[in-house]
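A.B. asks: Starting off with a structure, shown below.
The values are calculated or read from the model by the stated rules, or taken from the named source; none is laboratory data. Please read these numbers as outputs of a predicted model, since none were measured by experiment. Glycine gets a Cβ as well: all are built from the backbone with ideal geometry, and neighbour counts include every protein chain shown. In case anyone asks, the SASA skips ligands and DNA or RNA and just uses the protein heavy atoms, side chains included. Shrake-Rupley method; radii C 1.70, N 1.55, O 1.52, S 1.80 Å.
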Amino acid sequence: MEEHNETKIALVTGGSRGIGRECVIELSAAGYQCAFSYSSDVDGANETIKLASEASDAGLSPLAIKSDVSSPESVDELFSEIENKLGIVSILVNNAGITRDTLLMRMKDEQFNDVIQTNLTGAFYTMRRASRNMMKNRWGRIINISSVNAYVGPVGQANYAAAKAGIIGMTKSVAREFASRNITANAIAPGVIETAMVGETPEEWRETMLSTIPLARFGQPNEIAHLVVFLASQNASYITGTVIPIDGGVGMGN
Ligand code: NDP
């Protein structure tokens, strides 16, 4: 099947920094028209627009929309605005995520619920909304950012590990439900990637983590984005329901 990247619209949630920003840049460089959401960082969103516009040979500028992925109303408005201004979303990258780390005994309801609501339920809201038009179009790509921590279950991350493990199960169900309509759904499980989320961690933790990584370095956001671009492409058309780790060899494929 021939590919028409220029006609496809990609939405990345949480594109104002980190992995999401690199996804917007690399998808723009690959010829897609991007839209991205962000929570509050207007300066970060503007920087993503600038970098992605520079990366786009076609001179396409991404559409940035302030939107809360944890709210179904906000997600509906996000899609409606994209549909009005650009068209139908064919590629959905569920990247927005937060951490609220603490030991289970001390974890407040809010800390648990916020992480589930943003990292897991948010992806449910966007997939449900995106699927209507993907089904009609009989083409779609859903790429969900999970984490190796779904498997590892780190101390202090019961909420985050639960959400990221939930993403994996949800991706597989969705992959089965949508397969007959030529819509693929896959998850990526990054290891430690150098973003603000990791920058906030203590130096001691970073050194301990580094000693467990066969490639002896943290990953870079664009190393996730390159896989996102591949999974979005026609070349990945027979890949669905998978979880692909990018972790410097920590899990050796698991
Ligand atoms: P960052 O903290 O750097 O960026 C998070 C992004 O999500 C920001 O754009 C932020 O917007 C946005 N966001 C947060 N809450 C919401 C919300 N309610 N609605 C919409 N957008 C929101 O994260 P990373 O780039 O480090 O991580 C990206 C994804 O990758 C996450 O899902 C994370 O769990 C996952 N991951 C990260 C790893 C890492 O080592 N960094 C490892 C494994 C997985 P704003 O800037 O406006 O706040």
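A.B. asks: Considering every residue within the stretch 204-225, establish whether at least one is closer than 25 Å to residue 13 by Cβ, open to solvent by 80 Å² or more (accessible area, probe 1.4 Å) and either in a helix (DSSP H, G or I) or among the acidic types (Asp, Glu) (or both).
C.D. replies: So the first thing to find is which residues in the stretch 204-225 are closer than 25 Å to residue 13 by Cβ, and the list is 218-225.
Then keep just the ones that are open to solvent by 80 Å² or more (accessible area, probe 1.4 Å); that gives none.
No, that holds for no residue.
A.B. asks: Next question. Inspect all residues belonging to the stretch 231-240 and state whether any of them is surrounded by fewer than 13 Cβ atoms within 10 Å (Cβ to Cβ) and over 22 Å from residue 30 (Cα atoms).
C.D. replies: no
A.B. asks: Would you tally the residues in the stretch 65-81 being of a type outside the set (Ser, Thr, Tyr) and more than 10 Å from the ligand (Cβ to nearest atom)? Write out each step before concluding.
C.D. replies: First pass over the stretch 65-81, keeping only residues of a type outside the set (Ser, Thr, Tyr): 65-66, 68-69, 72-73, 75-79, 81.
Then keep just the ones that are more than 10 Å from the ligand (Cβ to nearest atom); that gives 72-73, 76-77, 79, 81.
Going through the stretch 65-81 one residue at a time, the tally reaches 6.
A.B. asks: In the stretch 28-80, what residues are within 20 Å of residue 98 (Cα to Cα) and of a type in the set (Lys, Arg)?
C.D. replies: If the condition is that a residue be within 20 Å of residue 98 (Cα to Cα) and of a type in the set (Lys, Arg), then 66 is the only one that fits.
A.B. asks: So residue 22 clears everything in (1) more than 20 Å from residue 143 (Cα to Cα); (2) acidic (Asp, Glu); (3) assigned to a helix (DSSP H, G or I) except one condition, right? Which one?
C.D. replies: (1)
A.B. asks: Across the stretch 31-55, what is the number of residues that are near the ligand (Cβ under 10 Å from one of its atoms), open to solvent by less than 20 Å² (accessible area, probe 1.4 Å) and of a type in the set (Ser, Thr, Tyr)? Working first, answer last.
C.D. replies: Going residue by residue through the stretch 31-55, those that are near the ligand (Cβ under 10 Å from one of its atoms) are 36-45, 48.
Keeping just the survivors that are open to solvent by less than 20 Å² (accessible area, probe 1.4 Å) gives 36-37, 44-45, 48.
The next check asks that each one be of a type in the set (Ser, Thr, Tyr); those that pass are 37, 48.
Residues meeting the conditions: 2.
A.B. asks: Restrict the check to the stretch 173-196 and report whether at least one residue is more than 16 Å from the ligand (Cβ to nearest atom), farther than 26 Å from residue 28 by Cα, in contact (Cβ under 8 Å) with a residue 24 or more places away in the chain and open to solvent by 80 Å² or more (accessible area, probe 1.4 Å).
C.D. replies: For the stretch 173-196, residues more than 16 Å from the ligand (Cβ to nearest atom), farther than 26 Å from residue 28 by Cα, in contact (Cβ under 8 Å) with a residue 24 or more places away in the chain and open to solvent by 80 Å² or more (accessible area, probe 1.4 Å): present.
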